[in-house]
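I have placed the structure first, in the form of structure tokens, so that the comments after it can refer back to it.
The values are calculated or read from the model by the stated rules, or taken from the named source; none is laboratory data. Here the structure is a predicted model, which is why all the values come from computation and not from measurement. A quick note on method: Cβ atoms are made from the backbone with ideal geometry, for glycine too, and the neighbour counts reach across all protein chains shown.
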Amino acid sequence: MNCSHVSRVFPLGLVIVLALIGCQGRQQYEIRETSGDGGVRVQPGAVASYAEVVDRVTPAVVTIRSERRVRAPRQFPFFFPFFGPSNERSPGNQTPFEVQRGLGSGVIVSSDGLCLTNHHVVDGAEQIRIELKDGRTFDAKLVGSDPPSDLAVLRLDAKDLPVLTLGNSDAMRVGDVVLAVGNPLGVGQTVTSGIISAKGRSTGLSDGSFEDFLQTDAAINRGNSGGALVNTRGELVGINSQILSPTGGFIGIGFAIPINMARNVMEQLVKTGHVRRGRIGVAIQPLTSDLAQGLGVKDRKGVVVSSVESKGPADRAGLRAGDVITAINGEAVEDPNSLRNRIASTQPGTEISVTYVREGKESQTKIKLGEFDEKAAANRQPQGEGGGSEDSGAKLGISVQPLTPALARQLGIENVQNGLVITDIDPAGPAADAGLSPGDVIVQVNRKPVRSVEDIRSALGQSREGPVLLLINRKGQNLFVTVRLAPKR
């Protein structure tokens, strides 16, 4: 078709349907009249080629090769690390060691040599080499690395490098087309295409779980880690990071760190060498329909506070276990992951407004954020609320005994003084159906603290219609659970 010639059809003089095949046969468009004023809107249709986007993008995507020396294992003589060992021995004492070689990808984001990649690509590396598409290689220095987000920033000693423009990952929609660029399995730079399959995903694999992944079906494999996820305008919208696979190969579920999160982390690493994150000192969980009913919340919106750290920011502001956080600074809270990331992306010391629901009544409080400490968080136990095995009755299908200091130490629970430990459970009973198991400590039943079997029976006797709301402590972590009792006969 001649690009300067367009055929038109005017059914009833209202709707214009026009097929235009772009110059050079690269794109197909559909044009429709959107109003009665004669205006038309061009809507992209099938794309015949992404070659122009790829030409702009690929020079800024690099291959990263890293090396580190580790002691060779003695007890497993046939064990080899994933990247392959070196049969070298260290000089002097002849202690055997292996050279572990890692392969990943990265993205140049500034012409003076800043490069984004994953923390796990360069973790522990003693030497880092970067290879550009044009064949040039550079030694790279680690500017900073952030395990909680699995991001790292490198610097090349070079100028006038090709770069990728940072896009806006928040503007990406499920269904938008994306391209993944990297060096999978060491075969060389490769481009794959797909769509954004989901947003706001959390896999729980990154250290610290500050995750807000873009999920994509663009093929990602080993070696793609740290590479680029770009939109059809050639803008960087994500850093490829993980795949979900029972075999280790790509099955259509990949995850990329959104560039808006990566930009914040990168700026802090470049400026100070580390990342500061806010925290409020609570454990949270999703608000299910049963939990909403048990907590007296009309709308299933927000997240449930399952425990509050003693003397932490939220505790000082008056939040309690069982409160439902519905908004931060007036913006609705959708799920635990989005709340966690919103707080973490705010600088410590910032005062925020928290809207919450307690026993059906909405309230607000101000919280001055503390600072997230990665090492302390690994050891921190949340604050809890609240002779022989005894049967609590057939309603729950469990046997319990009072929590003693010795039993608490045995269960690894430090901050719960009162409660009832589940010692046995009926596998066909309501408690088992709800996911309870021996070793769980029941702290509350329907918001009432329990210290004896009679407390459980009393709380159950006062239960309104609907599921029973339990606050349990499992291995030091508080959790709300709803149990649906068998109907009375």
Margin query: Whether any residue in the range 402-417 is under 27 Å from ARG358 (Cα atoms) and of a type in the set (Gly, Ala, Ser) is what I want to check.
Written below: no
Margin query: Cβ-Cβ distance below 7 Å, separation of 6 or more or different chains: which pairs start in the range 259-278 with a residue that is under 16 Å from VAL107 (Cα atoms) and end on one that is at pLDDT 95 or above and in a helix (DSSP H, G or I)?
Written below: ILE259/SER169; ASN260/SER169
Notebook entry, point to check: Residue check: is GLY461 surrounded by fewer than 16 Cβ atoms within 10 Å (Cβ to Cβ), in contact with a Gly (Cβ under 8 Å, 6 or more places away or on another chain) and modelled with pLDDT under 80?
Noted result: no
Item checked: Sole residue being among the hydrophobic types (A, V, I, L, M, F, W, C) and farther than 30 Å from GLY466 by Cα, chosen from ILE284, ILE280, ILE325 -> ILE280
Notebook entry, point to check: When both residues are 6+ apart or on different chains and their Cβ atoms are under 9 Å apart, which pairs have a first residue that lies in the range 364-385 and is farther than 12 Å from GLY281 by Cα and at pLDDT 90 or above, and a second that is surrounded by 15 or more Cβ atoms within 10 Å (Cβ to Cβ) and not β-branched (Val, Ile, Thr)?
Noted result: GLN364/ALA327; GLN364/TYR356; THR365/ALA314; THR365/ALA317; THR365/GLY318; THR365/LEU319; THR365/TYR356; LYS366/ALA317
Notebook entry, point to check: Which residue, of VAL421, VAL400, is at pLDDT below 85, in a strand (DSSP E or B) and touching a Leu at 6+ places or on another chain (Cβ under 7 Å)?
Noted result: VAL400
Check: Out of the range 52-98, which residues are farther than 17 Å from HIS119 by Cβ and either modelled with pLDDT of 75 or more or in a helix (DSSP H, G or I) (or both)?
Finding: GLU52, VAL53, VAL54, ASP55, ARG56, VAL57, THR58, PRO59, ALA60, VAL61, THR63
Next item on the list: Select from the range 223-275 the residues that are part of a loop (DSSP other than H, G, I, E, B) and either under 14 Å from VAL191 (Cα atoms) or in contact with a His (Cβ under 9 Å, 6 or more places away or on another chain) (or both) and list them in ascending order.
Entry: GLY223, ASN224, SER225, GLY226, GLY227, THR232, GLY234
Notebook entry, point to check: If you go through the range 330-346, how many residues are assigned to a strand (DSSP E or B) and either at pLDDT below 90 or of a type in the set (Gly, Ala, Ser) (or both)?
Noted result: 1
Notebook entry, point to check: Hey, any hits in the range 174-188 for a residue that's crowded, with 19+ Cβ neighbours inside 10 Å and closer than 16 Å to SER338 by Cβ?
Noted result: no
Notebook entry, point to check: Across the range 99-128, what is the number of residues that are part of a strand (DSSP E or B) and surrounded by 15 or more Cβ atoms within 10 Å (Cβ to Cβ)?
Noted result: 15
Item checked: In the range 133-166, residue surrounded by the most Cβ atoms within 10 Å (Cβ to Cβ) [restricted to those that are among the hydrophobic types (A, V, I, L, M, F, W, C), more than 30 Å from the chain's Cα centre (by Cα) and in a loop (DSSP other than H, G, I, E, B)] -> LEU161
Margin query: Name the residue that is farthest from the chain's Cα centre (by Cα), counting only residues in the range 167-179 that are within 11 Å of LEU214 (Cβ to Cβ) and outside any loop (DSSP other than H, G, I, E, B).
Written below: VAL178
Next item on the list: Check the range 312-319 and report whether any residue there is assigned to a loop (DSSP other than H, G, I, E, B), outside the structural domain of GLY182 (by TED's automatic domain parsing) and buried (at least 20 other Cβ atoms within 10 Å of the Cβ).
Entry: yes
